[in-house]
Structure formats: C-alpha cells, structure tokens
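Colleague: One structure coming up, written as structure tokens, with questions to follow.
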Ligand SMILES: [Zn+2]
C-alpha cells in the first residue's frame, strides 16, 4: 500500500523530471485536475487563451471533449502566449513556432501570421498533443508555470525562502486532489451508498462544496468513521473539483 504524496516528497522534487516521476503514480484524470488546480490558483494573471486551455483540460478530464479538441485549444494558447507549459517535451521546431519569424510574404500581421502557421503546421502542435497523453509532465510544468506567473522574481531564485514558501502553498492543491495519508486505500465500497453517490455527484456537478458536511453525515450513516475523510468534509473551504473525498464517494479515481 502506498501513502499519498507528502509535503516532504513534494519539497524533495526540485526539478521537472522528479515531479513528473512522482505524479506519474496517479491517474490521468487526477493529473488533468491537478494541472487545472495549479493554474486556477493564478487565474487573475493567466492569459485568456490559457484560461480557455484550463477549462478545456477540465472538460477533457470529465470526458466531455476529445484529446484532439483539448490539444487544439492548448495549441492555440501555446501559440498565443509563447509559453511551453502545454508542450510535453518541446522540440526545437515547435519552439520556432512560438516566436515571430518571417514564414512567408503574407505574414505582415500577427493574425495573418498565426493563420499561416496553422495552415502550414496544422491546428494541433505535436508536442502539445503529446502533452495531452503525458499529464504527469504537464502537471509538473503547470506548477512551475503558475509560480513563474505569480512570482517571477521568486521563480528565478528557487532556493530562496520565499520560493520554498510558495512551493509549500502549492501542496494544498496536491493534497486536495491526490489525497491525504492512506485514506484512499481505507475507503470501503460499502460506504458508497446511493445517497452518498447522489450527494457527491451533486457537489461535483454544481461545485457546491459547502455541502461537504452533508456528505460527511451520509458517509457516517453508511458506517464511515475514518477521521481523515470526515474531517476533510467538515473543515471549512479549500475544495476544488477533483477533491479526493468527493471522487472516492463518486467512485472515480
Ligand atoms: Zn476536498
């Protein structure tokens, strides 16, 4: 049995490769949700096209759109922002696409240049499409990108106390989505009664996280006395779609 990722695990992951490796132990859906959670923490400073890519990522996590559709929207964000957060392992060719270059005589304005790129390269960049299939890598990059967006001066000094403080604060999103301790393992299928599933699905669908104490009551009625689970439901605030308790109650991972 494996315990959920701890703060010490997270702080020990000081580069993208080690974060990717750590995240790769979780389901694709969880990792799409985690990517969205990292970037939603910096929503106010997130460019419009990246906001659209986050929303598409959430829809993809729920199976509402296809991998090509989320890839197209992420590609648009990548071209518009010039950032590499949605690229799995960027190739030099695709880096070229992110910056201004004279691709042909008709490229005399950014709009035309963009359309020209799409016509020549297709709507979905290969590296972005690969990233859809490598959610651990994208989640690792999203954490770093969020830090850079909100605190550019901190990101340049990852060893500073301020940077470590911010990285610690990101752990709240990890704990909310990937779980705490071994609660995921101890959840009993018999607790997932029809009432529990109904309440959980309603919370997930409508983002009514203020209903979580009611879910706690229903779980307790079904026999759950797990303190981690009940406390998670009854504590105030901090929940997002992908909340590990709501997921467990719905029976998704
Ligand atoms: Zn939660």
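Any read-out appearing in this document is the output of simple, stated calculations on the displayed coordinates, not a laboratory observation. Remember, predicted model here, so these are calculated numbers, not experimental data. A quick note on method: Cβ atoms are made from the backbone with ideal geometry, for glycine too, and the neighbour counts reach across all protein chains shown.
Colleague: With r as the distance between the Cβ atoms of residue 55 and residue 150 and R0 = 22 Å, compute the FRET efficiency 1/(1 + (r/R0)^6) and round to 0.05.
Modeller: So the FRET efficiency works out to roughly 0.70.
Colleague: Follow-up question, since we're still on this one. Considering the convex hull of the alpha carbon atoms of region 183-250, report its projected area averaged over all viewing directions, in nm², one decimal.
Modeller: Its Cα hull, projected and averaged over all orientations, spans 3.7 nm².
Colleague: Whole Å is fine, so just give me how far the alpha carbon centre of region 131-174 lies from that of region 219-242.
Modeller: When both Cα centres are located, 27 Å separates them.
Colleague: Can you put 11, 76 in order, fewest other beta carbons within 10 Å first?
Modeller: Ranking 11, 76 by Cβ neighbours within 10 Å, fewest first, gives 11, 76.
Colleague: Separate question: Fewest first, what order do 153, 49, 239, 232 take by the number of other Cβ atoms within 10 Å?
Modeller: Starting with the residue having the fewest Cβ neighbours, the order is 153, 49, 239, 232.
Colleague: In addition: Sort 137, 13 so the one with the fewest other Cβ atoms within 10 Å of its own Cβ comes first.
Modeller: Placing the least packed residue first, the sequence is 13, 137.
Colleague: Mind checking the full-extension length gain between residue 194 and residue 11? Use 0.36 nm per residue of separation minus the Cα-Cα distance, one decimal, nm.
Modeller: Full extension from residue 194 to residue 11 adds 62.0 nm.
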